[in-house]
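Written below as structure tokens is the structure these notes are about.
Quick note: the coordinates plus some simple rules give every number you see, no bench work behind them. Keep in mind that this is a model prediction, so the values were computed, not measured. In this analysis, Cβ positions are derived from the backbone assuming ideal geometry, glycine residues included, and neighbour counts consider all displayed protein chains.
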Amino acid sequence: MYPRSFKLIWPHDLGEALEAVEEGALPLAGGQSLIPMMKLRLVAPDTMVYLGPLHDLNYIKIQNGKIKIGALATHAQIAQVLKSDCPLLSKAASEIGDVQVRNMGTIGGSVAHADPAADYPAALIALGATIKTISKRGTREIAAEKFFTGPYQTALTRGELVFEVIVPKTGRSVGYAKFTRIATDFAIAAVAVNIAVNNGIVENIAIGVTGVFHHPVRARWIEDVIVGKKLNDEVLSRALNREPEFEVISDSRAGKELRFKAFKAMAKKAILEAYENSEN
Ligand SMILES: Cc1cc2nc3c(=O)[nH]c(=O)nc-3n(C[C@H](O)[C@H](O)[C@H](O)COP(=O)(O)OP(=O)(O)OC[C@H]3O[C@@H](n4cnc5c(N)ncnc54)[C@H](O)[C@@H]3O)c2cc1C
């Protein structure tokens, strides 16, 4: 199906784009979520503003141990550039869709779209990332854990754009595991882990989860059991068998039972991967 016709604004600078979104224009970035939704007529905007001409929003830079990623950085760029400075985000980016989606889709578009099964949110939550937004009224910085508020819902307000995503530079002590029906698909369950281990004892762990609940979450109920302990089968099984703090979802791709099983398997895999990476 063709999308309904719409007016497209081609901004010369960020100010013009902000003016347009303030007046209700829908931002268009890589189009990898928005265009399919428009073709299905799930969305039918009257006016859109294309962010592509804002080349200043396409960057990945490292300053004082922090990685700043412009909203227009593509999944392919993130997968390639951050392999050693932020392997968790690089891995999550490399798991998104197929080559076309990764070449066109942007981190700003993905976090703003907030698909409950998207890859980035799990990694961003585990990394303690911050989402920087911008509007005509100024900028805001929102912790990733607070940014994703529901399925396809975020803390963004009218007139605001995702401007930048900020993550810490990290080492190799991370893990990412994703369960899908078919390759290139969205996650039925995906888990991102960022761990700090000292003499075999887990000093800190952050676990981000996507695909399993109504929105991406941090699995503190699992973290609480693991922190301060040596990781062994008994600790892992006690942690993973705890009742989640959120309701497991069910959809046409997987019912609750399968999804919860997949979640526990992916959590185990990602935690062990991060733990083993921390020892090497
Ligand atoms: C076949 C296919 C497979 C896919 N598989 C996966 C997958 O496995 N994992 C995964 O995570 N994703 C997957 N995706 C989605 C993909 O990651 C999209 O790129 C992403 O969701 C949207 O980014 P975009 O730049 O294309 O945004 P667009 O589609 O242009 O926009 C998406 C939404 O975000 C808004 N928006 C865009 N940029 C901004 C901004 N800077 N500030 C505020 N709002 C903004 C738009 O108005 C729109 O509502 C898949 C997509 C396809 C088509």
>> Give me a comma-separated list of calculated 3J(HN,Hα) values for the range 214-221, in order, Karplus coefficients 6.51, -1.76, 1.60 applied at θ = phi - 60°, integers in Hz, x for any Gly or Pro.
In response: 5, 8, x, 9, 9, 8, 5, 5
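Evaluated at 37 °C with a viscosity of 0.692 mPa s, what Stokes-Einstein diffusion coefficient in µm²/s does the range 7-50 have when Rh comes from the Kirkwood expression over alpha-carbon pairs?
Values: Rh = 10.7 Å.
Once the numbers are plugged in, D ends up at 307 µm²/s.
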>> Straight-line reach only, C-alpha to C-alpha below 15 angstrom: list the aspartates and glutamates that LYS264 could link to, leaving out same-chain residues fewer than 8 apart.
In response: GLU223, ASP233, GLU234, GLU243, GLU245, GLU247, GLU273
> Taking H as built 1.01 Å from N, whose amide H comes closer than 5 Å to the amide H of LEU28, not counting residues under 5 places away?
Replying inline: VAL49, TYR50, LEU51
> Once amide H atoms are placed 1.01 Å from N in the peptide plane, what residues at a sequence separation of 5 or more from PHE163, or on another chain, have their amide H within under 5 Å of its amide H?
Replying inline: LYS132, THR133, ILE134
> So which chymotrypsin sites (Phe, Trp or Tyr not before Pro) in the range 136-192 are both in a DSSP loop and have at most 16 other Cβ atoms within 10 Å of their Cβ?
Replying inline: TYR152
> HN-Hα J couplings of the range 95-112 from phi, Karplus 6.51/-1.76/1.60, θ = phi - 60°, integer Hz, Gly and Pro as x?
Replying inline: 8, 7, x, 10, 4, 4, 4, 6, 6, 9, x, 10, 5, x, x, 5, 6, 5
>> Using a Cα-Cα cut-off of under 20 Å, which lysines could be cross-linked to LYS169, ignoring same-chain neighbours fewer than 8 residues away?
In response: LYS61, LYS66, LYS68, LYS83, LYS91, LYS132
>> Counting only other residues whose beta carbon sits under 13 Å from that of PRO87, what net charge do I get with K and R as +1, D and E as -1?
In response: +1
> If you average the sequence gap of Cα pairs under 8 Å that are 6 or more apart and divide by the length of the chain, what percent do you get for the contact order?
Replying inline: 16 percent
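How high is the FRET efficiency from VAL227 to LYS7, r the C-beta distance, R0 45 Å, rounded to 0.05?
On the way: r = 53 Å, r/R0 = 1.17.
Here the calculated transfer efficiency is 0.30.
How much of the pair distance distribution for the range 65-124 lies past 13 Å, counting alpha-carbon pairs only, in percent? Don't jump to the answer; show the numbers that get you there.
Details: 987 of 1770 pairs.
Result: 56 percent of Cα pairs exceed 13 Å.
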> Setting aside same-chain residues fewer than 8 positions from LYS229, which lysines have a Cα under 16 Å from its Cα?
Replying inline: LYS268
> For the range 1-116, what is the convex hull volume of the alpha-carbon atoms per residue, in Å³?
Replying inline: 116 Å³
> In Å and whole numbers, how far do the C-alpha atoms of the range 174-279 stretch along each principal axis, longest first?
Replying inline: 44, 27, 21
> Under a plain spin-label model, where a point goes 7 Å from the Cα along Cα-to-Cβ, how far apart in nm are ARG137 and ALA44?
Replying inline: 3.1 nm
> Got a sec to turn the phi values of the range 142-159 into Karplus ³J(HN,Hα) couplings, 6.51 cos²θ - 1.76 cosθ + 1.60 with θ = phi - 60°, whole Hz, x for Gly and Pro?
Replying inline: 10, 5, 3, 4, 9, 6, 8, 9, x, x, 6, 10, 9, 7, 5, 10, 4, x
>> Taking every pair of distinct Cα atoms and averaging 1/r, then inverting, what Kirkwood hydrodynamic radius in Å comes out for the range 55-168?
In response: 13.8 Å
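Grab the eigenvalues of the alpha-carbon gyration tensor for the range 31-80, scale each by 5, take roots, and send me the semi-axes largest first in whole angstrom.
On the way: eigenvalues 169, 32, 13 Å².
For the range 31-80, the ellipsoid semi-axes come out as 29, 13, 8 Å.
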> For the chain, what size does the Cα cloud have along each of its three principal axes, sorted from largest down, in whole Å?
Replying inline: 59, 45, 32
